[in-house]
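These notes concern the structure reproduced below.
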């Protein structure tokens, strides 16, 4: 029995139903269900591949707004002769960029051939190239009317709100949870001062990616060069300091946020320098002076915010992030605190 036969009616609505050769699940990300669809085009005697995704509507409660953002950005980049591949959804037979099935929302993208992704930054060249790509992507969008975008996850990077939620969690958590987390709680409370700068200054509202991890850049398998920015669900109006900060948070440590080896969690200065050079080169001088001088502050704020979110979730009983064991979010929070302390020493 074909385990993916339930997908065929959806693919037919994307006009792919007749020549499907095979469907393979793609185990990437933690939010959307993803499949690779290979279509055998007998007329051309070759196969073509697509990526089919079921949008997680628990996270993205307005999926049509998500797709509207992606469509608008993609079309704008086409008019700007953006030099890399542009991810645009394939239209259905109803000229829509999604197919709605009861409580499910499906979309289809072209599969970009001969590309690969990486889960860690292995050297300075990779850090520079990926950071340049994210900077270049945002630079090409600086003339886009950001007020036409939907805020797909409201208050996604509202660090002051995250801190308030953290305080509420401390008040409401069980005593056992609080005792386990007390040292981490005390540490994060000492970093409240990081909120002052963001409250006092006004930064430009720009198109931000909001998930600038290394695995959201596709690299060419042959040349090793970046080809495309992917995972565009969180394209929103925002402050680019968080995009830069998330690169620092995820590019610079040798161990990811799940590692309990706290004594090894630190910022690799050579990677930090390379990604900073790359990001600024991608922007090609178009950042404001305030943005340029605040990049490292943005990195501190982003790591602080993520530590708050992990610890808040632990105190709330692990209701947001998936965990493999009960104290994993506490470990993640301590991990991020170590990373923040390392960055503050640079």
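Using Cα centres only, tell me the gap between the range 139-172 and the range 251-304 in whole Å.
19
Compute the angle between helix 124-140 and the longest alpha-carbon principal axis of the chain, please, reported from 0 to 90 degrees and rounded to the nearest 10.
70
Quote the relative contact order of the range 5-111 in percent (integer), defining contacts as alpha-carbon pairs under 8 Å separated by 6+ residues.
Details: 162 pairs, mean separation 28.1, N = 107.
Across the range 5-111, relative contact order equals 26 percent.
Give me Rg/Rg_expected for the chain, where Rg uses Cα atoms only and Rg_expected = 2.2 N^0.38 Å with N residues.
Its radius of gyration relative to the 2.2 N^0.38 Å reference: 1.04.
Could you tell me the relative contact order of the range 226-280? Use alpha-carbon pairs under 8 Å, at least six residues apart, and round to a whole percent. Before the final figure, lay out the partial values.
Numbers: 22 pairs, mean separation 16.9, N = 55.
Relative contact order here is 31 percent.
Output the peptides 334-345, 69-80 sorted from most to least packed, where packing is the average of other Cβ atoms within 10 Å over each peptide's residues. Write out the running numbers ahead of the final one.
Details: 334-345: 20.9, 69-80: 16.2.
Ranked from most to least packed, the peptides come out as 334-345, 69-80.
To the nearest 500 deg cm²/dmol, what mean residue ellipticity at 222 nm is calculated for the chain from DSSP H runs of n ≥ 4 alone, each contributing -39,500 (n - 2.57), summed and divided by the residues? Show your work: numbers first, answer last.
Numbers: 11 runs with 146 residues, N = 346.
Computed mean residue ellipticity for the chain: -13500 deg cm²/dmol.
State, as an integer percentage, the relative contact order of the chain based on alpha-carbon contacts under 8 Å between residues 6 or more apart.
19
Quick one: what does P(r) look like for the range 230-285 with 10 Å bins over all Cα pairs, in whole %?
Calculated P(r), rounded to whole percents: 20, 44, 30, 7.
I'd like the antiparallel share, as a percent to the nearest 5, of DSSP beta bridges with both residues in the chain. Don't skip to the answer; put the middle values down first.
On the way: 30 of 31 bridges.
Antiparallel bridges make up about 95 percent of those DSSP assigns within the chain.
Could you give me the radius of gyration and the Dmax of the range 5-111, taking only the C-alpha atoms into account and expressing both in angstrom?
Cα only, the range 5-111: 14.3, 41 Å (Rg, Dmax).
Specify the angular offset, from 0 to 90 degrees and rounded to the nearest 10, of the alpha carbon long axis of helix 269-283 from the longest principal axis of the alpha carbons in the chain.
The two axes meet at around 50 degrees.
What is the spread of the Cα atoms of the range 282-330 along each of their three principal axes, largest first, in whole Å?
Cα extents, longest axis first: 46, 17, 12 Å.
Throughout, read-outs are computed from the coordinates displayed, never taken from laboratory work. Computed from a predicted structure; not experimentally measured. Reconstructed Cβ throughout: ideal geometry from the backbone, glycine too, with neighbour counts over all protein chains shown.
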